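The values are calculated or read from the model by the stated rules, or taken from the named source; none is laboratory data. The structure displayed is predicted, hence computed values, not measured ones. Heads up, the Cβs are rebuilt from the backbone with ideal geometry, glycines too, and the neighbour counts pull from every protein chain shown.
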Amino acid sequence: MLTVLSAALVYGLTGGLAPGPLMTLVISQTLRHGAKEGMKTALAPLITDGPIMIVLLLFLGRIAAIRSLVGVIAIAGVLYLLYLAWESWSAPPPGATETSAAPRSIVRGAVVNFLNPNPYLFWLTAGTPMLIKAWRHSALAAAAFITVFFVCLVGSKLLLALVLARSREHVVGRWYRPVMRTLALLLVVFAVIVGRDAVALIRQR
């Protein structure tokens, strides 16, 4: 049980604090719309990882086919990340010429996470095997693994949004455009990385 909880803690904090498309989006939405929208974005894994786990558990024996499918999904992720990069690059300072369009933070976060190959690869290589191991120990161990993992994964990003929101008023001024354009460039970098991973996954058929 201790091994299961330790793994959940490490996996969750590593995934929550590691740089990536979702973290970049959490920062972007927090700066553009405030802590509430950044925190909504951070909830994305609660929406996407459940279906990913179920699919992988059902088709765990067909790893090659799953990897190819993840590669195809990731190609769509590249296009979406480039779209978000363009939005961040051209985003006006809040209150300047901001449109009344809804932030759609939960949807954006869910789409980014669903089209990112990393959650699939994590559950395929580390998450699902550990979950199965926990389940063989007991249903309580499996539930504890899932709970600790998501508390750490989502909680770390929620904390990031809260901390960043406290300094938002200092960033929104003269530093807003440089910060947002830096985030846009990071999204382009992540798009390139996702694209490279997608090609590698498709070639592994």
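Below are the figures for this structure:
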{"item": "Helices (runs of 4 or more DSSP H) contained entirely in the stretch 9-86, each with at least 3 residues that are without any contact (Cβ under 8 Å) to a residue 24 or more places away in the chain", "result": "44-58"}
{"item": "Residue within the stretch 195-203 that is of a type in the set (Gly, Ala, Ser), more than 14 Å from the chain's Cα centre (by Cα) and not in a helix (DSSP H, G or I) present", "result": "no"}
{"item": "Residue check, Thr147 surrounded by fewer than 19 Cβ atoms within 10 Å (Cβ to Cβ) and either at pLDDT below 85 or under 16 Å from Leu31 (Cβ atoms) (or both)", "result": "no"}
{"item": "Meets criteria (of a type in the set (A, V, I, L, M, F, W, C) and touching a residue at least 40 places away in the same chain (Cβ under 8 Å)) for Ala161", "result": "yes"}
{"item": "Residues satisfying the stated conditions in the stretch 29-50, i.e. more than 30 Å from Arg177 (Cβ to Cβ), surrounded by fewer than 22 Cβ atoms within 10 Å (Cβ to Cβ) and either touching a helix residue (DSSP H, G or I) at 6+ places or on another chain (Cβ under 8 Å) or of a type in the set (Phe, Trp, Tyr) (or both)", "result": "Leu46, Ile47, Thr48"}
{"item": "Filter result for Tyr120 (in contact with a Pro (Cβ under 6 Å, 6 or more places away or on another chain) and either under 18 Å from Leu13 (Cα atoms) or not β-branched (Val, Ile, Thr) (or both))", "result": "no"}
{"item": "Matching residues in the stretch 106-140 - criterion: being modelled with pLDDT of 85 or more, closer than 30 Å to Val199 by Cβ and hydroxyl-bearing (Ser, Thr, Tyr)", "result": "Tyr120"}
{"item": "Residue list for the stretch 112-125, filter: among the β-branched types (Val, Ile, Thr) and buried (at least 20 other Cβ atoms within 10 Å of the Cβ)", "result": "Val112"}
{"item": "Among the candidates Leu84, Leu69, residue that is surrounded by 20 or more Cβ atoms within 10 Å (Cβ to Cβ) and modelled with pLDDT under 90", "result": "Leu84"}
